[in-house]
């Protein structure tokens, strides 16, 4: 058992004197300490190691039930909850179902980013040479920029030039890599959600495009 795997319900029994371990005393003390157990399970359990809850699906949920909807973990605030998150009958339990133990290992390297994307969108990651459901294709580099002087061989000095300073290529966004996503998976998300997830891992200078298949 790890350092943080504490069951406070068990601790109540362990710390009570033997002659005070009647059921009524145990239940009363466990009810008093239940908020601490809730917080331990939330932050040192689900937040740290990951949330094991199911994705939201249309149905009826009891008060306290937890579901994952678009990466966020929601907790039902009422019984007989048939609403779809994020309506007021749900509260945000955690901002991500992915545990921080996993997220700290994510980075912008191709294979790691493929693993992270497949984790985030509930698809299958496969070790190369097998191809994952969501995979990345690096795109060839493209040179863009401008010329100093509109004519070849013009003189450019510190404060003047023999020819007008102009450009022959427009400045355009160059995509450095392509994210390939199955059409069925991309139908549940959009470019902004994918972008919000990966921009925290890749260098600021890199751009990407999305291709469905």
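The values are calculated or read from the model by the stated rules, or taken from the named source; none is laboratory data. Please read all numbers here as calculations on a predicted model, not as lab measurements. We place every Cβ from the backbone using ideal geometry, glycine too, and count neighbours over all the protein chains shown.
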Residue check, residue 53 surrounded by fewer than 14 Cβ atoms within 10 Å (Cβ to Cβ), in contact (Cβ under 8 Å) with a residue 40 or more places away in the chain and either under 25 Å from residue 193 (Cα atoms) or not assigned by TED's automatic domain parsing to the domain that holds residue 196 (or both): no
Candidates 178, 119 - the one that is at pLDDT 65 or above, outside any loop (DSSP other than H, G, I, E, B), within 25 Å of residue 206 (Cβ to Cβ) and touching a strand residue (DSSP E or B) at 6+ places or on another chain (Cβ under 6 Å): 178
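Report whether or not residue 105 is touching a residue at least 40 places away in the same chain (Cβ under 8 Å) and touching a helix residue (DSSP H, G or I) at 6+ places or on another chain (Cβ under 8 Å). Talk me through it step by step, then tell me what you get.
Values: touching a residue at least 40 places away in the same chain (Cβ under 8 Å): no; touching a helix residue (DSSP H, G or I) at 6+ places or on another chain (Cβ under 8 Å): yes.
When the stated conditions are applied, residue 105 does not pass them.
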Those residues of the stretch 32-47 which are surrounded by fewer than 16 Cβ atoms within 10 Å (Cβ to Cβ) and closer than 22 Å to residue 121 by Cβ, in sequence order: none
Residue match in the stretch 143-152 (condition: modelled with pLDDT of 70 or more and outside the structural domain of residue 73 (by TED's automatic domain parsing)): no
Residue match in the stretch 37-51 (condition: touching a strand residue (DSSP E or B) at 6+ places or on another chain (Cβ under 7 Å) and not in a helix (DSSP H, G or I)): yes
Residue match in the stretch 68-80 (condition: surrounded by fewer than 14 Cβ atoms within 10 Å (Cβ to Cβ) and within 24 Å of residue 4 (Cβ to Cβ)): no
Which listed residue is at positive phi and either more than 26 Å from the chain's Cα centre (by Cα) or not assigned by TED's automatic domain parsing to the domain that holds residue 200 (or both), from 20, 70, 11: 70
